[in-house]
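Read through the structure below, which is laid out as structure tokens, and then see the notes.
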Amino acid sequence: MQFAFTEDQLLFRDTVAEFFANECPPEKVRWSWDDAVGRDASTWAALAEMGVIGLTVPEAFGGMGMNEIDLLPILTEAGRYAYPAPLVETVAVVAPLLTESAPAAIAEKWLPGIADGSVIATVQLDDQPFVNDMHIANLLIAQRGDQLFAIPAEHVRSTPQVSVDGARRLFSIEWDEADAELVVSGEAALQAANRAFDRGAAATAAQLIGLSEQMIAMTVAYVVDRKQFGVPIGSFQAVKHHLADAELKVSFARPAVWAAAYGLANGSADVDREVSMAKCFASDAAEVVARKALQNHGAIGYTTEHDLHFWLKRSWALASSWGDAAWHRRRVAHLLLDA
Amino acid sequence: MDLTFTPAEEAFRAEAREWLEANVPVGLPSGDTAEGFALHVEWEKKLFEARWSVVSWPEEFGGRGASLWEWLIFEEEYYRVGGPQRVTQNGIFLLAPTIFEFGTDEQKERFLPRMAAADDLWCQGWSEPDAGSDLAGIKSRAARDDERGGWVINGQKTWTTRGAFCNWVFGLFRTDPEAARHSGMTYLLVPLDAPGVTVRGVERLDGDEGFAEVFFDDVFVSDDLVLGGVNEGWGVAMATASSERGLTLRSPGRFCAAADRLVDLWKRQAAAGEYPERIDSLRSDVAQSWMEAEAYRLATLVDVTGLVKGVSQGARSSLTKIYWSELDVKLNETALRLLGPAAELIETSPDAVDGGAWMKGFEFALSGPIYAGTNEIQRNVVAERVLGLPRK
Ligand SMILES: Cc1cc2nc3c(=O)[nH]c(=O)nc-3n(C[C@H](O)[C@H](O)[C@H](O)COP(=O)(O)OP(=O)(O)OC[C@H]3O[C@@H](n4cnc5c(N)ncnc54)[C@H](O)[C@@H]3O)c2cc1C
């Protein structure tokens, strides 16, 4: 028994964290809000160079051949720095899906490009009305019932939707089967879609942990600094208890998220339940933390001039994508009670 | 990351399971009543004879030298088969770690084997009428008696759990009234049959005589009953308190077993077909309760991974204490809502579901946020010592 990351995994995480600290500071997140495209190719390329983008691509296709456990700390850092590009879609969901389910020709066509950073992939499963980052994607993987298709981006017609998180880019899409290649169909496709959904949910949960940790850190720094009545507001018990509650929520969501990654990487028989618990707890935690963070900041946190709102809005968006807490709680209830 | 146990650990589990399944008593009355307590002590002696009472202790003191992982496994198995709450817990889980850390060899030999065997039964004497959360405000005094080589105690302890049934109390006493608040206290071990000790049982919320007041009237204790240094009791007591907050007192096994019973209760209520709408509306609450127990188990695996490598939980044990106490309330509350009109029936009522265990469990759970340092105090600790907010 060893419920911890290895030295190597932590070292890789630290390298990526340092990269994000330099390349994705809050000013960059602000730029993503303001810029029409909101994504810069150089950061993605640098992450590919570091092995992050090809982390889950098999070595035979130029990737690192690593698993969900290796990826988890990286996604947590991406959340901490509110990095807006589609790591969840490309790295956590599409690359493993193509690896496991695509015929050789399709895998060979797309996976090397994912690994070297030249292919950005996004995904739409049934019941997911919007697609992330269609505007920069080269490849869409989409589900229609018991079929999964690969569609080159030029064949996808998209209409932008506007998220409360201005750094996100969401689209409604349409495409024709004539332009699509069949990846997998039948029972195998349903299983692949379910696995893809689990991976997306767990990866989003990992980002929510990083977002929550960062909101706590920002709030702690603020309440130590900000004085009212001649003392730091962090010395008031009501403020302390808000923050203790926030820390409590994240502390008990975090191991659940780790367990989900472990379950995915090891083909656990209970992986659906493990993932749903992780997403449920991470979503709930992020919502509580966001509330506490805003309350403890007072009016400055209620402006768009202060950086806090980037994290608040990202956490609202991610808390409800890939299944919100209530959806995942119902799924756990079904797995526990209807068996 | 590896969430599997070794073959040796699995063999330990199998051995524990086999013995517990054959021996765990069913339907013992509450250990917080005089008759119940006696039956629990019988059970504790049986556990000891099979060397299951203190698995993690060294063999010379009656244990098996089990690792922390094996201890967790034992706890899982113990509660999975419905093992009763341990009336020896304040000794075994709270005092013993402190004796291992601070005790003399003579004290270890004198107290630990008898504690493991349930020959001595220990209660803890921190709280006083005017010192609850503010433990450093205790007033009970122990005055130096050089002639007899010991200390003479006067004062009162209160809320002493199972004090009316135990034969020893450990606690803090003021030995230097001049010293600053957190110094000048000494950790003493006091036999409750010593001349000058009076114990009065107090009925708890659940109707059991689980509390006691302990009065000390010129009670003499000799120097060999000082645990740790004279006037150094605060530091020693903090070690005991961190065991109480952390995982030794409340291992996940207990909550996971209760969560599984809650799932089972939901299924039984659903199958019974009464009030289908209410049962249906509680699905998410049952799932949430179950997940909270599971989250506690997972968090414990992280903590124990650290502990095994020598990384202590430190002030984070306050997060642990808040979490297990609140999840225990939630679990029992959810069960009561499943029971609806039968929720209020207690053990002596003929139609009580599961022998009234859920109301009993609910009442007990409600004390969790109060004892072992209230959850408000724990939130202060988390804010100040985990997050680094200013004290003043
Ligand atoms: C079932 C049970 C078993 C117990 N067993 C034992 C035992 O065996 N031995 C023993 O010595 N004691 C025992 N206790 C007593 C327990 O340790 C105390 O109840 C606890 O320390 C709180 O003290 P108090 O009851 O005096 O409450 P108080 O300290 O008076 O607190 C009352 C309320 O005020 C709040 N409060 C107090 N100070 C602060 C603060 N600084 N900030 C915010 N809120 C504050 C508390 O959180 C609480 O909500 C037991 C209690 C229970 C319920």
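A:A17: outside the structural domain of A:R195 (by TED's automatic domain parsing), in contact with a Pro (Cβ under 9 Å, 6 or more places away or on another chain) and not hydroxyl-bearing (S, T, Y), yes or no? Yes, satisfied. Does the range B:91-113 hold any residues that are assigned to a helix (DSSP H, G or I) and either closer than 14 Å to B:V236 by Cα or touching a Cys at 6+ places or on another chain (Cβ under 6 Å) (or both), and which are they? Matches in the range B:91-113: B:L94, B:L95, B:A96, B:P97, B:T98, B:I99, B:F100, B:E101, B:F102.
Tallying residues that are among the charged types (D, E, K, R) and either surrounded by fewer than 17 Cβ atoms within 10 Å (Cβ to Cβ) or assigned by TED's automatic domain parsing to the domain that holds A:A317 (or both) within the range A:117-133 yields 2. Taken over the range B:273-293, the criterion of being at the interface with chain A (Cβ under 9 Å from one of its Cβ atoms) and out of contact with any Lys or Arg (no Cβ under 9 Å at 6 or more places or on another chain) is satisfied by B:V286, B:W290. Is it the case that the range A:235-246 has a residue that's of a type in the set (V, I, T) and in a helix (DSSP H, G or I)? Yes, there is a match, as at least one residue in the range A:235-246 is of a type in the set (V, I, T) and in a helix (DSSP H, G or I). Summed over the range B:376-392, residues that are more than 9 Å from chain A (Cβ to nearest Cβ) and surrounded by 15 or more Cβ atoms within 10 Å (Cβ to Cβ) total 1. If I ask for residues that are buried (at least 22 other Cβ atoms within 10 Å of the Cβ), β-branched (V, I, T), within 20 Å of the chain's Cα centre (by Cα) and not in a strand (DSSP E or B), which ones from the range B:156-202 would you list? Scanning the range B:156-202 gives a single hit, B:T160.
Give me the residue from the range B:114-155 that is of a type in the set (V, I, T) and part of a strand (DSSP E or B) and, out of that set, surrounded by the fewest Cβ atoms within 10 Å (Cβ to Cβ). The selected residue is B:V152.
Can you name the residue in the range B:354-378 that is among the hydrophobic types (A, V, I, L, M, F, W, C) and either touching a residue at least 40 places away in the same chain (Cβ under 8 Å) or in contact with a His (Cβ under 7 Å, 6 or more places away or on another chain) (or both) and is also farthest from B:A241 (Cα to Cα) among such residues? Ranking the qualifying residues of the range B:354-378, first place goes to B:W358. State whether one or more residues within the range B:332-351 are part of a helix (DSSP H, G or I), within 16 Å of the ligand (Cβ to nearest atom) and out of contact with any Lys or Arg (no Cβ under 8 Å at 6 or more places or on another chain). Checked against the condition, which is being part of a helix (DSSP H, G or I), within 16 Å of the ligand (Cβ to nearest atom) and out of contact with any Lys or Arg (no Cβ under 8 Å at 6 or more places or on another chain), the range B:332-351 yields at least one hit.
Yes or no: the range B:71-89 includes at least one residue that is within 16 Å of the ligand (Cβ to nearest atom) and not in a loop (DSSP other than H, G, I, E, B). There is at least one residue in the range B:71-89 that is within 16 Å of the ligand (Cβ to nearest atom) and not in a loop (DSSP other than H, G, I, E, B). Please determine whether any residue of the range A:287-302 is under 26 Å from A:Q124 (Cβ atoms), touching a residue at least 24 places away in the same chain (Cβ under 8 Å) and crowded, with 18+ Cβ neighbours inside 10 Å. For the range A:287-302, residues under 26 Å from A:Q124 (Cβ atoms), touching a residue at least 24 places away in the same chain (Cβ under 8 Å) and crowded, with 18+ Cβ neighbours inside 10 Å: present. A count restricted to the range A:206-255 and to residues that are in contact (Cβ under 8 Å) with a residue 40 or more places away in the chain and within 7 Å of another protein chain (Cβ to nearest Cβ) stands at 3.
The values are calculated or read from the model by the stated rules, or taken from the named source; none is laboratory data. Bear in mind the structure is a predicted one, so any value in this text is a computation, not a measurement. For neighbour counting, all protein chains shown are included, and Cβ atoms are generated from backbone atoms with ideal geometry for every residue, glycine included.
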